[in-house]
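Colleague: Sharing a structure below in structure tokens format, with a few things to ask.
The values are calculated or read from the model by the stated rules, or taken from the named source; none is laboratory data. Keep in mind it's a predicted model, so treat the numbers as computed, not measured. Glycine gets a Cβ as well: all are built from the backbone with ideal geometry, and neighbour counts include every protein chain shown. Areas reflect the complete protein model, heavy atoms only, side chains present, ligands, DNA and RNA absent. Shrake-Rupley method; radii C 1.70, N 1.55, O 1.52, S 1.80 Å.
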Amino acid sequence: MNDVVKIHNAHEVAGLLGVDYKTVLNLIRRGHLRALPGIRHKLITEAELNRYLGIHPAATVTHAQTTPARPAGLVSITDKSLVNPAAKAVAPSVALASQRK
């Protein structure tokens, strides 16, 4: 288990992104990049920097879940009609009322 959190200051992030220090401060101020709470020094976690860059670590990638297999002999029947089942119960009585006139 890796519980170590890597933290960069705004100057390091500016160097990693290849931009000016003030650009990083503007990204934080505008909400594009989230910094840890603090007044004087702006600290950004490695995970937040990866989120901003759109990099997904391999550990958090989830594979598509497959539906569990049905037990043998169990058949699922689905109603493929376009009419709501509640409407089917009402339809015969409406049809009979219209035939009576």
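Colleague: So which helices (runs of 4 or more DSSP H) are wholly in the chain and hold at least 3 residues that are modelled with pLDDT under 60 and more than 23 Å from the chain's Cα centre (by Cα)?
Modeller: 85-100
Colleague: Need pairs with beta-carbon distance below 6 Å; first residue farther than 18 Å from residue 55 by Cα and open to solvent by 100 Å² or more (accessible area, probe 1.4 Å) and within the range 4-33, second part of a helix (DSSP H, G or I) and not β-branched (Val, Ile, Thr); sequence gap 6+ or separate chains.
Modeller: Final answer for the pair search is 11/21.
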